[in-house]
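Everything on this sheet refers to the single structure shown next.
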Amino acid sequence: IRQAIQWHHASLLFPPPPFDHPSIKLFFKGPENITFRVPKPKIILSHEEICQIIGFWVQQFQRTNHLAWLRWAAMLALQYASLQRAAQIREVLKEHLVDRGEGSGLDFFVRHSKTDQHGLGMHLPIPEVIGQGLKASAIIRTYLGHAGIEEGHIFRPWDSSRGGWKGPESQVALASYNAVLRSAAQALSLRSAAEIALISSHAIRRSALTGD
């Protein structure tokens, strides 16, 4: 495309095309991504595998009493139940989750969404049980009860130096979330080593959408 534009400008004695202009660069970025980007294969975890990973983290919490394990379990349960991207889950604030009472699940307010063009946000119900026995709301409720977080982000990094959560503005890193997902899958021998290397939080939404 660039060569065709350059030839057209030269043939009509126009000045060189402004390829360095930000808007022109943005225009060419889309076609380049489509043409040269090779999509990475993604592993879609089944409902049973999601339950196994969450159960593994809950057991690790019960064994070590370290809240970081319960945090991962709650984070995965919320992402799986709400069909949201991991980037949205890590941004959840305490006030975005409202407990509707035992047996009634939770109300989850999502601030940002690709489908929310007007930026109004949306409320999503988090049921008590998903599929075959995944008690999503109970896991999230248990985490919030143990975490003692009163404000700010609920999924924060753990500060080992002082034995507590980092500040209200802190968020867990997606790289850490992906790494711990793969580690759990490896510990549980869910897939081959090659497939485990391809597991990421981005595929959790597909797992829920396909109902596998």
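The values are calculated or read from the model by the stated rules, or taken from the named source; none is laboratory data. Since we're looking at a predicted model, the values are computed, not measured. No Cβ is skipped: glycine too gets one built from the backbone with ideal geometry, and neighbour counts run over all protein chains shown. Accessible surface is based on the protein model in full, side chains and every heavy atom, while ligands, DNA and RNA are left aside. Shrake-Rupley method; radii C 1.70, N 1.55, O 1.52, S 1.80 Å.
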Problem - Test result for MET122, more than 30 Å from ARG162 (Cβ to Cβ) and not small (Gly, Ala, Ser) - result: yes
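Filter the stretch 150-183 for residues that are of a type outside the set (Phe, Trp, Tyr), within 10 Å of ARG90 (Cα to Cα), open to solvent by less than 50 Å² (accessible area, probe 1.4 Å) and not in a loop (DSSP other than H, G, I, E, B) and give the result. So that I can check it myself, show each step before the final result.
At the first step, the residues of the stretch 150-183 found to be of a type outside the set (Phe, Trp, Tyr) are 150-154, 156-157, 159-164, 166-176, 178-183.
Of the ones still in play, those that are also within 10 Å of ARG90 (Cα to Cα) are 153-154, 156, 170-174.
Subsequent filtering for residues that are open to solvent by less than 50 Å² (accessible area, probe 1.4 Å) retains 153-154, 156, 170, 172-173.
Within the stretch 150-183, just HIS153 meets the criteria.
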Exercise for the section: Could you please tell me which pairs satisfy a Cβ distance under 8 Å, a separation of 6+ or placement on different chains, a first residue in the stretch 159-176 that is closer than 25 Å to HIS202 by Cα, and a second residue that is part of a loop (DSSP other than H, G, I, E, B) and open to solvent by 90 Å² or more (accessible area, probe 1.4 Å)? Expected result: PRO168/GLU151
Practice task
Name, by its number, the condition in (1) modelled with pLDDT under 95; (2) of a type in the set (Ser, Thr, Tyr); (3) over 18 Å from the mean Cα position of the chain (by Cα) that does not hold for SER189.
Solution key: (1)
Fill in the blank from the handout: Output for Cβ contacts, cut-off 7 Å, separation at least six or different chains, first residue at negative phi in the stretch 1-28, second basic (Lys, Arg) and in a helix (DSSP H, G or I), reads PHE19/ARG2
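Keeping to the stretch 3-27, report how many residues are in a helix (DSSP H, G or I), open to solvent by 100 Å² or more (accessible area, probe 1.4 Å) and not aromatic (Phe, Trp, Tyr). Before you say what the answer is, go through the steps one by one.
Quick first cut of the stretch 3-27, residues in a helix (DSSP H, G or I) only: 3-11, 22-27.
Now restrict to residues that are open to solvent by 100 Å² or more (accessible area, probe 1.4 Å): 3, 7, 25-27.
Then keep just the ones that are not aromatic (Phe, Trp, Tyr); that gives 3, 25-26.
The number of residues fulfilling the criteria is 3.
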Handout entry: Of all residues making up the stretch 70-87, the number that are more than 21 Å from TRP158 (Cβ to Cβ) and either outside any loop (DSSP other than H, G, I, E, B) or at pLDDT 95 or above (or both)
Key = 3
Problem - In the stretch 40-85, the residues that are among the hydrophobic types (A, V, I, L, M, F, W, C), under 18 Å from GLY164 (Cα atoms) and open to solvent by 10 Å² or more (accessible area, probe 1.4 Å) - result: PHE61, LEU67, ALA68, TRP69, TRP72
